[in-house]
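Beneath this line is the structure, given in structure tokens, with notes to follow.
The values are calculated or read from the model by the stated rules, or taken from the named source; none is laboratory data. Please read these numbers as outputs of a predicted model, since none were measured by experiment. Heads up, the Cβs are rebuilt from the backbone with ideal geometry, glycines too, and the neighbour counts pull from every protein chain shown. Only protein heavy atoms, including side chains, enter the accessible area calculation; ligands, DNA and RNA are left aside. Shrake-Rupley method; radii C 1.70, N 1.55, O 1.52, S 1.80 Å.
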Amino acid sequence: MTDMTHTTEQVQAYMARVPESLVRYLGDEVLPQYDHFDPAHQRDHARSVMQRSMAMGAHYADTDAGMLLTAAACHDLGLCEGRACHHLVSGRIVRADQRLRQWFDGAQIEVIAEAAEDHRASADRAPRTIYGMIVAEADRLIDPLVSMRRAVQYGLANYPELTREQHYQRMVAHLHEKYAEGGYLHLWLPESPNAAPLAELRRMMADEPLMRQTFDLLWQQEMP
């Protein structure tokens with residue numbers, strides 16, 4: 001397995017390849033759109049995907065840092081039209097954004113749009129480019145507690161009528177469908193930093209008392 005660990009200086013050097021005007025545009029015009037989405041997909045989620053993409057992108061020196069950062073920033077914009085096809089809508093939004101043509105040509109915008117389309121964990125095929133693979137891995141953010149918290153947050157936001165026990169069962173079912181052996185989530189990069197956290201999450205999922213204990217803690221934190 002290739003080491004994807006990089007020093008802060010290396011990541012900063014990669015990030016420095018992004019035009020400052022593009023960084024400002026993404027921060028001032030794109031990220032605020034996340035403020036209208038569900039709690040699991042707010043601005044902090046987009047920033048996290050952008051940061052993780054830059055950290056992984058530094059491993060691939062021939063990638064365009066500006067294209068990667070833009071794909072990461074735009075990957076969930078399609079949530080403005082709902083969750084079901086949000087990845088496709090995100091690609092459409094990228095293609096329609098005339099401001100991006102200040103920094104990218106048509107071919108580059110198409111790659112950025114495809115990366116946004118390909119980020120979805122439930123996709124049944126590999127992303128078409130390295131940009132899509134990196135954004136998909138960055139979006140996974142496989143941290144056991146974060147993954148469980150996002151499942152609880154999504155349940156509360158979309159199924160408020162469920163009882164506490166039903167929310168627990170929904171969370172467990174979602175985690176198994178997505179993260180268990182044979183689940184729909186795939187790690188597209190062999191050197192993915194998500195490999196170890198995924199193994200830890202699967203260990204937790206096999207420990208029912210621990211799952212209950214963790215859910216109870218998250219429930220108390222998320223309930224108003």
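Summary of values
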| read-out | value |
| --- | --- |
| Tensor-based shape of the stretch 48-133 (alpha-carbon gyration tensor, a/c under 1.5 rounded, otherwise prolate or oblate) | oblate |
| Cα gyration tensor shape of the stretch 1-69, rounded if a/c is under 1.5, else prolate or oblate by comparing a/b with b/c | oblate |
| At q = 0.13, 0.18, 0.19 Å⁻¹, base-10 log of I(q)/I(0) for the stretch 143-215 (Debye sum, equal scatterers on each alpha carbon) | -0.38, -0.71, -0.78 |
| Rounded FRET efficiency, nearest 0.05, which uses the C-beta distance separating Q220 from D124 and R0 of 35 Å | 0.40 |
| The stretch 126-175 - percent of accessible surface contributed by carbon and sulfur, probe 1.4 Å | 58 percent |
| Charge context of R17, other residues only, Cβ under 12 angstrom, K/R +1, D/E -1 | -3 |
| Projected label distance in nm at R24 and D207, using a 7 Å step from Cα toward the beta-carbon | 5.0 nm |
| Probe 1.4 Å, accessible area per residue of the stretch 116-200, Å² | 44 Å² |
| Distance in nm between pseudo-label sites at Q166 and D105 (7 Å out along the Cβ direction from Cα) | 5.5 nm |
| Carbon and sulfur %, accessible surface of the stretch 53-112 computed with the full protein complex present, 1.4 Å | 54 percent |
| Size of charge dipole - the chain - debye, nearest 20, with Cβ of Lys, Arg +1 and Asp, Glu -1, no other charges | 200 debye |
